[in-house]
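What follows is a short report on a single structure.
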Amino acid sequence: LHVYFNISGTQEAPVKNVVFNGIGFRDAAYTYLAPHGVPSGGDWGLERLGAIFFQGTEHCMVNASYFERMDGNGIMLSGYNQYAVLSNNEFAWTGSTAMAAWGFTDELSDGGKHGNDGTTGNFPRYTQVLSNIVRETGIWEKQSSAWFQAKSAQSTLKYNIIYNLARAGVNINDGFGGGNEITENIVFNTCRESSDHGPINSWDRQPFLTLVNGGKPGVIPLTNEIHHNFLVSNYGGVKGGVDNDDGSILYANHDNFEIYGWGLKNGIGCGDHRSYNNVHLYLSIGYRGHTNFIGREQYA
């Protein structure tokens, strides 16, 4: 089986308050030959599957559970999911991504003209990813991470320990509505079978129209804040503790402790960044920036 539990409602009639607590899961089938999609403007393809699959839910939780040798994704938040909590779980030997969130926009009607319209609200929002241990991830799929999100907004990642991965520990595939907070996590031994990333990676090559910033349609996301993390840029994850890659805008990266790799990186088209009060040790490059089109502040 690819999916052990499918918790599905609709945005209009969501399933509420389903809790998985203290349960062991293992040996879900591999999904690398299952249908994949391109979630948004980042580099990744992904299958909209998970051993626990949520779609159309509010206030659901997976807590204190153990996921071992899930050959696909562990948990998938698909489409409308608000106030989901993924906490105190352990993921080991995961074939693809441990936890993922992937919203919907209208990519099909009128030749895809509405593919950047997220104003319907059919996406994961206010997700909390707290105090999880994620290790040995990406056994089969190398485009994988402990936490992946696309077409999602206002996620909080806090108190997680992430290590021994094929690719980045955290991947934010687009800017969408922004407002994400990544804080007080420990991330090391990432990109052990790949490169061109850091422990935390972001892209933002594709603008989206949402209501997240101010309640009116707009393409400017809320600022994302990455702070007070312990990040080690070893193995192939040498492009800094936080790799804000192509187009990433509106990031405040501060008070992180980062070892090895590059000190600061902004990819092509990045801007509106504030980086300050970080501690960097044993750097290979102090700062690496490309052509940027939006005003950028840098403090180190």
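Report D for the chain in µm² per second (integer): Stokes-Einstein, Kirkwood Rh on Cα pairs, 25 °C, 0.890 mPa s.
Numbers: Rh = 18.7 Å.
My calculation gives 131 µm²/s for D.
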* Put one equal scatterer on each alpha carbon of the range 1-148, apply the Debye formula with no solvent term, and list log10 I(q)/I(0) at q = 0.14, 0.16 1/Å to two decimals. => -0.63, -0.82
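Below 14 angstrom from the Cβ of ASN122, what's the summed charge of the other residues (Lys, Arg +1; Asp, Glu -1)?
-2
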* Asked: Considering only the other residues whose Cβ falls under 12 Å of the Cβ of PRO35, what net charge follows from Lys and Arg at +1 and Asp and Glu at -1?
  -> 0
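Assign unit charges at the C-beta atoms only (+1 for Lys and Arg, -1 for Asp and Glu), then state the dipole size of the chain relative to its Cα centre in Debye, rounded to the nearest 20.
On the way: 19 positive and 28 negative charges, 37 e Å.
So the magnitude is around 180 debye.
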* DSSP bridge pairs, the range 38-179: antiparallel proportion in percent, nearest 5 -> 0
* Structure fact -> Once the dipole of the range 1-108 is set up from charges on Cβ (+1 Lys and Arg, -1 Asp and Glu), the residue from the list VAL19, THR94, ILE7 lying farthest towards its positive end is VAL19
* Asked: Computed over the Cα atoms, what is the radius of gyration of the range 10-79 divided by 2.2 N^0.38 Å, N being its residue count?
  -> 1.22
* To do: Express in whole angstrom the spacing between the alpha-carbon centres of the range 99-137 and the range 18-85.
  => 12
* For the range 124-239, count the residues as N, evaluate 2.2 N^0.38 Å, and divide the Cα radius of gyration by that value, please. => 1.06
* Out of VAL238, SER248, ILE259, whose Cα points farthest toward the positive end of the dipole of the range 158-267 (charges: +1 Lys, Arg; -1 Asp, Glu; placed on Cβ)? -> SER248
* To do: Can you tell me the relative contact order of the chain? Whole percent, Cα pairs under 8 Å, sequence separation 6 or more.
  => 11
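Size of the dipole of the range 110-260 about the Cα centre, Lys and Arg at +1 and Asp and Glu at -1 on the beta carbon, nothing else charged, in debye to 20?
Values: 11 positive and 16 negative charges, 53 e Å.
The dipole magnitude comes to about 260 debye.
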* Structure fact -> Hull volume per residue for the range 175-253, using the convex hull of the C-alpha atoms, in Å³ is 79
* Give me the net charge of HIS197's neighbourhood, meaning all other residues with Cβ under 9 Å from the Cβ of HIS197; Lys, Arg count +1, Asp, Glu -1. => -1
* Take the alpha-carbon centre of the range 201-215, take the same for the range 182-197, and report the distance between them in whole Å. => 23
* the range 141-198 - accessible surface per residue (Å², probe 1.4 Å) -> 24
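The values are calculated or read from the model by the stated rules, or taken from the named source; none is laboratory data. Model, not experiment: these values are computed from the prediction. Here Cβ is always computed from backbone atoms with ideal geometry, including for glycine, and neighbour counts include all displayed protein chains. Accessible surface areas use protein heavy atoms only, side chains included; no ligands, DNA or RNA. Shrake-Rupley method; radii C 1.70, N 1.55, O 1.52, S 1.80 Å.
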